[in-house]
Each structure stands twice: as C-alpha cells, then as structure tokens.
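Heads up: the structure comes next, in structure tokens.
Laboratory data are not the source of any read-out in this text; all were calculated from the coordinates shown. If you're wondering where the values come from, they're calculated on a predicted model, not measured in any experiment. Neighbour counts are summed over all protein chains in view; Cβ atoms, including those assigned to glycine, are modelled from backbone coordinates with ideal geometry.
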Amino acid sequence: MKIIIVGCGRLGSGLAFVFANRGDQVAVVDMNPNAFERLDPGFRGKTIAGVGFDGDVLLKAGIKEADALAAVTSSDEANIITARLASQIFHVPKVVARLYEPVHGDTFRNLGIPNFCTVDWGIQRVVDLFSYTPSEVMYSLGTGEVDILEKIVPASFVGHKQVELALPGEISVIAISRAGRTFIPLPETVFEDGDTVHLAVLDSASSDLENLFK
C-alpha cells in the first residue's frame, strides 16, 4: 500500500514505523521539519515539510497514487480539512482522521470521514478494564462501543450449541479455539470442554455477559 501520514508526532511517527516495517510505501508530512527526527533512524519513506491541507504538498507526497491517508496532527480543524481534501478531491480510497475534541465527531461523521477520538477511546478503555479482567479484552472497535473478548467456555455450556451463548444485537460468538486451532463456528457447533470462545460484545451488554458466565 501507498500511505500518507499527515502529522509526525508520537502517533504519526509510530504509524510510519509500523507501516514501513510492514513493507508499505510511506510518506510523512509535517509543517515542522524538526518533527521528522521522531522517525525511526532506519525509516526509508518520504518526508515532506509543509501544511497537510496544501494541495501542492499532498501532490509531492504522492496523493494521486495513495491508497490511504491518516490525518493525525494536533489540530482537529487541520485534520478535518486534510481528510476532506484527500477523500473528496483526490478520492483516496481509505482516509481516517484523529480528533481531540469529542464535540467535533458529528462534523467528521457528517462528512463521511472515519475518525477516532483519543479522549473517548481512553475513557471507554478504562471503563472496559474496570468491567472485565484485562486479559479478556483483546480489542476495542470504534470508540469502544464493541469489544472483542476471549473467555474459557464455562462448564454449564459444554455440550450446548454456540448459538445459546449469543444475544442478538448484543453478544456474538465470532470464533472458537480448540486443541490448538481456531475456527469460525457454525450455528450447530457444540462447545467442548476446554474451548476458548471469542466474542464480540456491545459495551452495554457487559452485565449480561457476566451473568452468562456465572
């Protein structure tokens, strides 16, 4: 993939490191040339000094050929403009923007721009960790509305079909790990002793989940 990262702070430089090490072509844009010092010494991508929502700067970064762009500067306004430019003018297939103020979320959503709020995510993550044991939560989706968890199947469910553990719209079984392999279950799949179940759980259903596993 050809990826443009606008903003070379701790998040932007970290993303550049991950994607470059994955083998992607990465271009990093920041208005402060000194920001590029945060990049890994072995970084082999492009660095472009300039404002992220300047069309000429984005062209230098290769936006016409870009598969994805992440706007992760410290300014919500700059991220909104950059993401909108990338999405609506240059038609970059995948665009995501960071925002600091949750009140700006509606603006992003109205523009159809995927975004993540570090404040909302942080709040929800603490709630998750207080609701479950840390080892259970594997991943949070969106701003924490849905969690991916794994739990050992309780003895009371051994011999029962996996659909009996689901609550429509709240809890879904997405995979089962058994005897060293993981698979996607069929509706008629029956739990066996020692199974680990992987679940997608709506945040508001945490108490229901705990009741099922009592």
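Tell me, in nm to one decimal, what length is gained between T189 and A175 on full extension, where the rule is 0.36 nm per residue of separation less the Cα-Cα distance?
On the way: separation 14, 0.36 × 14 = 5.04 nm, distance 1.07 nm.
Gain on stretching T189 to A175: 4.0 nm.
The Cβ shell under 14 Å around G50 holds other residues with a net charge of -1, Lys and Arg each +1, Asp and Glu each -1.
Excluding same-chain neighbours fewer than eight residues apart, the lysines reachable from K64 by a Cα-Cα span under 27 Å are K2, K46, K94.
Remark: the D24-H91 segment gains 22.2 nm on full extension, using 0.36 nm per residue and subtracting the alpha carbon distance.
Along the range 149-160 the Karplus relation, 6.51 cos²θ - 1.76 cosθ + 1.60 evaluated at θ = phi - 60°, assigns HN-Hα couplings of 10, 10, 9, 6, 5, x, 4, 5, 9, 4, x, 9 Hz to successive residues, with x for each Gly and Pro. The modelled label-to-label distance between R44 and I148, using points 7 Å beyond Cα along the C-beta direction, is 2.9 nm. Loop-located trypsin sites (Lys or Arg not before Pro) across the range 1-105 with a Cβ neighbour count of 10 or fewer within 10 Å are R22, R44, with loop assigned by DSSP.
If R0 equals 41 Å, the separation of the Cβ atoms of S74 and L167 corresponds to a calculated FRET efficiency of about 0.50.
Phi angles across the range 27-37 convert, under the Karplus curve 6.51 cos²θ - 1.76 cosθ + 1.60 with θ = phi - 60°, into 3J(HN,Hα) values of 10, 10, 10, 7, 6, 10, x, 5, 5, 5, 5 Hz, Gly and Pro given as x.
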